[in-house]
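Here the structure is laid out as structure tokens; the discussion comes afterwards.
Here, each number is a calculation from the coordinates, and none is a lab measurement. Since the model is a prediction, treat every value here as computed from it, not as a measurement. So basically every Cβ, Gly included, is an ideal-geometry build from the backbone, and we count neighbours across all protein chains shown.
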2 protein chains.
Amino acid sequence: MHTCHFPALSEGVHALPPEEAAHVVRVLRMREGEKVRMIDGKGGVALGVLMSVDKRGASVEVSEVQREAIRPSGLTLVVSPTKHTDRFEWLLEKATELGVDALMPVWSSRSERRIDKHERWSKVVIAATKQCQRVWMPMLHQACALSKLFEMHPTLSSTSGAVAHCMEDVQSVPTRESWIEWQMDKPCAWLAIGPEGDFSEEEVQFLHEHGATPVHLGELRLRTETAGIAAAAQFMQGSGRQ
Amino acid sequence: MHTCHFPALSEGVHALPPEEAAHVVRVLRMREGEKVRMIDGKGGVALGVLMSVDKRGASVEVSEVQREAIRPSGLTLVVSPTKHTDRFEWLLEKATELGVDALMPVWSSRSERRIDKHERWSKVVIAATKQCQRVWMPMLHQACALSKLFEMHPTLSSTSGAVAHCMEDVQSVPTRESWIEWQMDKPCAWLAIGPEGDFSEEEVQFLHEHGATPVHLGELRLRTETAGIAAAAQFMQGSGRQ
């Protein structure tokens, strides 16, 4: 069944937002009486029945909204957007499918194009949420400088965190542990992944001072987006998470 | 250091193949005397020194070839190529980065465009092998019909195998186990992943008759390429694999 995203989901008859209506009417060519799955991305799910469908839009009747009251806590990815936005958008799509709870784009010293495409990136997250049938949409935060991360998100300081980097040794920082081992017993955690060219030593030191355990993701050199996807898939493995 | 792929790697002076030479000369603008890492994708690695660099090509002197004699055995992905080749190419790239050992494209009953872009796909695998610093390149096989899989690849029958599908029940086939749990104690294994729209019941039965254990990859509905990437990342987790 097709899923529509409708942030203000409640019982009654509603006009679908223009983009959702266009998809239902022009792409899927759905008719009156057909059913759609409605989500608000905040734990609400309902069955909707198309009431009117024409060139100007579509309306839907919602009878009963089911609510999953508690947002599941899981993995937060703190990631430097890649130079090519398509690679970052893949990461957003895959991270959503793999159950990541929050995404925090950060600019680090080696980040190249620093443009927060928040609106475009939100659409990727919404589309993936609909496709994979999640009830809670991951939180996509506004991009910020890495140096402002803990001011912007003070809750990170009280959550287990890790920083993935590719350096053999960083002064005054412990040797990297295996992410796979480290995350196994954490019910929720955050992981920082650097840009092409890695975090700088100072950035790893900064993250470590704020509680991040240095980790590696295996022997091969992973691209930024591969590191994010792999870490998310491996995080599904912790006890009781599947 | 830049990596060049050179299938017939040996000691001596060699002309680089045209594509590798073009990259070294025009993209990286490297000069005589600069060093490159040379791999043959079959366990051989060497340091090369550029001897001549001009518009027509480049030659390189290889002094000593190190050999990793035994191909590591690991995960074989049997995957239906996606309708849009870019999604399948992402899977090839990421699977290579995540250490997958072999890739077998198969056409199943719900496969849409059945075009084996072997040459193009090989280039993706070579580029990813160079980027992630693997010594052994994954084997990318020619595409075949799912019904011919075990004739084409008889060794699959003697290796632990699994089939990921999204159906609650398939007649005469056991209930799905968790891939994460199932693969944990397997030093090598193969996993079959269906196309958009999943394998048919008959295909799951066919794979099960040939030894595949039915598995799931969690609660969310993953795209074909996400399933492949997630399965590969999770396979890194088995004992002694990292």
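Return the calculated 222 nm mean residue ellipticity for chain B, to the nearest 500 deg cm²/dmol, obtained by summing -39500 (n - 2.57) across DSSP H runs with n ≥ 4 and dividing by the residue count.
The helix contribution divided over chain B gives -7500 deg cm²/dmol.
Each residue of region B:154-162 is assigned a 3J(HN,Hα), and the resulting list reads x, 5, 4, 5, 9, 10, 4, x, 9 Hz, derived from the Karplus form 6.51 cos²θ - 1.76 cosθ + 1.60 (θ = phi - 60°), x at Gly and Pro. With label points set 7 Å from Cα along Cα→Cβ, the inter-copy distances at B:Q171 are 7.1 nm, sorted shortest first. Here's how it looks for B:H165: its modeled amide H is under 5 Å from those of B:V215, which are all 5 or more places away or on a different chain.
A Cα-only calculation for region B:3-67 places Rg and Dmax at 10.6, 32 Å. Principal axis extents of the C-alpha atoms in region B:75-235 (largest first, rounded to whole Å): 44, 34, 32. Its relative contact order, with pairs defined as Cα atoms under 8 Å and 6+ residues apart, puts chain A at 19 percent. R0 = 35 Å: FRET efficiency of A:S63 with B:E181, Cβ-based, nearest 0.05? About 0.35, to the nearest 0.05. Nearest to the axis that brings chain A onto chain B is this chain A residue, judged by its Cβ, with the distance in whole Å: A:A233, 2. With all projection directions averaged, the alpha carbon convex hull of the protein assembly as shown covers 25.4 nm². Oblate is the label for region B:45-116. Its Cα gyration tensor axes, ordered a ≥ b ≥ c, give a/c of at least 1.5 and b/c at or above a/b. Region B:136-178 and region B:198-217 have Cα centres spaced 7 Å apart.
Consider all pairwise Cα distances in region A:1-139 and report the whole-number % of them above 22 Å.
Details: 4242 of 9591 pairs.
In whole percent, the long-distance tail amounts to 44.
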